[in-house]
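Report on the following structure.
Here, each number is a calculation from the coordinates, and none is a lab measurement. Just so you know, these numbers come straight off a predicted model, no measurement behind them. Glycine also receives a Cβ, built like all others from the backbone with ideal geometry; neighbour counts cover every protein chain displayed.
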Amino acid sequence: MAGTPGRPQPQLTDQNAFFWTSGADGRLRIQECRSCTALIHPPQPVCRYCHGHELAPRAVSGHATLIGFTVNHRFTAPGLPPRYVVAQVALEEDPRVRLTTNAVECDPDQLALGMRMEVVFEQSGDVWLPLFRPAAEQGEPAPLPEDDTAPVVRPMATTEKFEDKVALTGIGSSRLGRRLMVPPISLTLQACEAAIADAGLTLDDIDGLATYPGPGPYGGFSEGGVTALESALGIRPTWYNGGGETFGPGGSLIAAMLAVAGGLARHVLCFRTLWEASHGELLKQGRLPVPAGGDAGWLKPFGASSAAHTLAQNAQRHMHRYGTTRETLGWIALNQRANAALNPTAIYRDPLTMDDYLEARPITTPFGLYDCDVPCDGAVAVIVSAVDAARDLAKPPVLVEAVGTQITERMEWDQSTLTHEPHTLGQSAHLWTRTDLRPADVDVAQLYDGFTFNCLSWIEALGFCGIGEAKDFLDGGKNIARDGVLPLNTHGGQLSHGRTHGMGLVHEAIVQLRGDGGERQVPGARVAVVSTGGLAPSGVLLLRTDT
């Protein structure tokens with residue numbers, strides 16, 4: 001095929017060049033382990049199955065099964081104006097190998113899961129992109145590859161729990177809004193100063209700092225990390241931590257808990273700042289440099305530029321397998337908006353009906369506008385303290401009952417579990433091994449909702465209903481309402497309150513357990529579950545009151 005100019009380019013390396021250039025002779029090539037014949041993708045120096053080290057490219061048939069597709073309406077990618085189809089296919093030789101690609105030479109309305117597809121290459125610069133079209137000969141649709149949905153969770157390493165040594169003692173937030181156009185560090189300072197005052201501490205009491213993701217190329221997603229806050233406030237921490245390879249703010253909180261439990265600090269200030277809305281506006285105005293290109297990886301050459309493109313296909317497969325509908329997801333969006341109406345800090349508070357939800361402009365099928373969270377500017381801070389110090393502070397401490405962190409699925413988005421959001425099942429199973437409490441003991445749930453389907457996956461993974469039963473559990477929205485069996489995202493969630501990447505969920509859990517929720521308060525809330533992260537990595541916290 002003739003090339004599409006301007007597509008994002010993968011970076012050719014000695015390890016992957018065989019894949020990106022194999023289309024020059026029209027043959028698709030995948031790395032093979034010569035010891036066990038498994039196909040390995042993306043290429044690695046070792047076989048993940050038998051741990052053999054003899055690997056080499058192998059030409060495959062180029063036939064695959066269509067296991068997911070989403071019609072992109074909203075996102076733009078160089079060389080790919082909307083509307084285009086991002087797809088995932090599983091190779092016939094080894095369905096464990098999935099390729100993100102574009103479905104081409106077809107009417108998207110005629111695509112169906114299980115179709116047989118065949119590769120067709122498009123040259124783009126120095127690479128040949130493997131695209132897929134429906135094969136000329138179609139039999140009965142093939143079944144989707146099965147996931148192993150029974151994660152093997154390691155038992156507790158010790159009988160002593162670090163969670164018992166810590167408490168959450170202070171919370172604070174900055175003003176939250178769309179395009180506030182203020183320096184992000186000023187938002188961080190507002191949240192941190194509020195959290196310190198809330199705990200009844202002073203700056204001198206803070207001997208630890210933790211954040212996510214820290215400094216780096218995180219446009220709109222960071223104020224500069226620990227370094228920026230230390231520079232502004234002059235804190236001299238005994239311990240600090242910041243980095244992107246953890247499950248968002250929940251990861252920085254657990255790092256702080258471990259530091260406190262290990263005796264490295266007494267009061268750790270954890271913070272998360274976003275200025276995504278202002279960052280986007282400044283880019284449009286030309287007041288910030290456009291980020292350098294760099295390696296487009298395995299997804300972006302096909303216009304899969306957002307987590308939405310991956311998660312939309314997980315949602316599509318859930319619908320295919322379990323009968324979930326768009327209305328199922330709609331009840332989550334409507335619930336969050338109803339709760340946000342009672343929260344004066346929420347960005348979107350206007351009433352939302354099911355018709356509004358269903359008729360909203362499409363983003364990437366099956367997601368519409370109200371399936372997606374709200375980019376915003378704001379900061380949230382939480383203080384982790386030693387439990388013996390916590391009971392002498394200004395507010396009743398919130399205790400940590402258990403955490404769930406174990407990874408049981410592949411990290412790469414398109415190689416991981418097919419039906420659920422990746423990295424919910426293992427982390428949830430791990431959580432329940434660290435406590436005697438059960439899902440029925442939970443009074444309020446603050447579950448990550450970057451997209452509606454994130455939330456659905458956490459509900460099932462945590463055991464509030466069975467796997468595949470969310471359609472019935474969510475029907476009508478009564479079970480997740482504030483007076484239902486599982487009051488959900490009581491501040492409006494990220495779908496209506498604003499995208500704080502999970503730290504706002506932690507903040508709201510503490511508000512509820514303190515009984516400070518005002519009109520949105522769930523009476524008698526004593527146990528709260530909070531999940532942070534979507535796709536990978538992710539994790540979950542179980543919090544409780546001190547009584």
Using only the alpha-carbon atoms, how far is helix 184-199 inclined from the longest principal axis of the chain? Give it as 0 to 90 degrees, nearest 10. 40 degrees
Using only Cα atoms, locate the centre of region 243-311 and the centre of region 403-435, then give the distance between them in Å, rounded to an integer. 20 Å
Residue separation between A56 and A135 times 0.36 nm, minus their alpha-carbon distance, gives in nm 25.7 nm
First select every other residue whose beta carbon is under 13 angstrom from the beta carbon of G502; then total the charges, Lys and Arg +1, Asp and Glu -1. -1
Could you tell me how many degrees, from 0 to 90 and to the nearest 10, lie between the Cα long axis of helix 307-322 and the main elongation axis, the longest principal axis, of the Cα atoms of the chain? 80 degrees
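Please work out how much length the chain gains when fully extended from S35 to D350, using 0.36 nm per residue of separation minus the C-alpha to C-alpha distance, in nm with one decimal.
Between S35 and D350, full extension yields 107.4 nm more.
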Quick one: check the C-alpha center-to-center distance for region 326-387 versus region 58-86, whole angstrom. 28 Å
Net charge of neighbours whose Cβ lies under 10 Å from the Cβ of V260, counting Lys and Arg as +1 and Asp and Glu as -1: +1
Once you charge only the Cβ atoms, +1 for Lys and Arg and -1 for Asp and Glu, what is the size of the charge dipole of the chain about its Cα centre, to the nearest 20 debye? 580 debye
Counting Lys and Arg as +1 and Asp and Glu as -1, what is the net charge of the other residues whose Cβ lies under 12 Å from the Cβ of I30? +1
Straight distance only, please: which lysines reach the Cα of K161 with their own Cα at less than 26 Å, same-chain residues fewer than 8 apart left out? K395
Can you match P(r) over Cα pairs in 20 Å bins from 0, in percent to one of these, [x] 20, 43, 25, 12, 2; [y] 22, 53, 24, 1; [z] 20, 37, 25, 16, 2, 0, based on a calculation from the structure here? [y]
No partner Cβ under 4.7 angstrom, meaning no disulfide-compatible partner by this rule: which Cys of the chain qualify? C106, C192, C270, C372, C376, C455, C465
Compute the long axis of helix 326-340 from its Cα atoms, compare it with the longest principal axis of the Cα atoms of the chain, and write down the angle in degrees, 0 to 90, nearest 10. 20 degrees
For D107 and S186, what is the calculated FRET efficiency with R₀ set at 51 Å and r taken between the beta-carbons, to the nearest 0.05? 0.50
